[in-house]
Amino acid sequence: MNVIVVGGGNTGSHLAKILIDGGHIVRVIEERPAILEKLAQEISQGNIIVGDGSSPIILERAGIQKTQVLVAVTGSDETNLVITSLGRFEFNVQRVIARINNPKNAWLFTPEMGVDVAINQSELLAGLTVEEMSIDDMMTLAKLRRGKYSLVEEKIAPQSPVIGVAIKDMSLPQNCVISGIIRNGEIVLPRGITTLEAGDEVLALVDNNAREQLAKFLTRPKA
């Protein structure tokens, strides 16, 4: 897949390395000399385009006509919005993603401004902090559909009421699917007849309501 990342700071460079390692064709646009020097030590010079990512000429030089995904992660919300608007309405990029630096500007990052996915790091951090404080040992592995769904992991405690019970016989909450079990370091693909054991790490896809219900369902009864 062809991807353009505008902004070569810590977020942009790390994202680029992950995508390159994944076999994608990546171009990173950056114009700040100090950042360019650091960026050249982290990714190949052939992946770097020097210039202003909010310029149509620079975007064309990066190959935006053949790009499937455009990611704007500069330190300026105004610049990110200019980039997303150009990507969507001038160049018809299929998928446009933007970082929100100031949470107060989140309301601007909409499809009308060319944004398919807005990443509000402050909001994500706050939400994850609240969740991890409120639910015993359940860990959030990933957020999906702008936080509406989560992939979570919960370890089965000794004396949990679900030990020895087949998945098909469990009264799981609605909008909850057990998608995997880690047992003794190995993945077990769950089926209806699969039973849970103490120490199992259960991977589940849940919505926000089902998340808390599942945590209570899998853990040891309160004394």
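The values are calculated or read from the model by the stated rules, or taken from the named source; none is laboratory data. None of the values given here were measured: they were computed from a predicted structure. Don't worry about glycine lacking a Cβ; one is built from the backbone with ideal geometry, like all the others, and counts go over all protein chains shown.
Quick rundown of the values:
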quantity	calculated
Checking residue 7 against (1) touching a strand residue (DSSP E or B) at 6+ places or on another chain (Cβ under 6 Å); (2) buried (at least 20 other Cβ atoms within 10 Å of the Cβ); (3) small (Gly, Ala, Ser), the condition it does not meet	(1)
Residue in the stretch 183-199 that is of a type in the set (S, T, N, Q), farther than 30 Å from residue 99 by Cα and surrounded by 12 or more Cβ atoms within 10 Å (Cβ to Cβ) present	yes
Failed criterion for residue 159 (all others in (1) closer than 30 Å to residue 117 by Cα; (2) surrounded by fewer than 14 Cβ atoms within 10 Å (Cβ to Cβ); (3) touching a Pro at 6+ places or on another chain (Cβ under 9 Å) hold)	(1)
Residues within the stretch 11-43 that are outside any helix (DSSP H, G or I), within 25 Å of the chain's Cα centre (by Cα) and not acidic (Asp, Glu), tallied	9
Some residue of the stretch 62-70 being crowded, with 20+ Cβ neighbours inside 10 Å, at pLDDT 95 or above and assigned to a helix (DSSP H, G or I)	yes
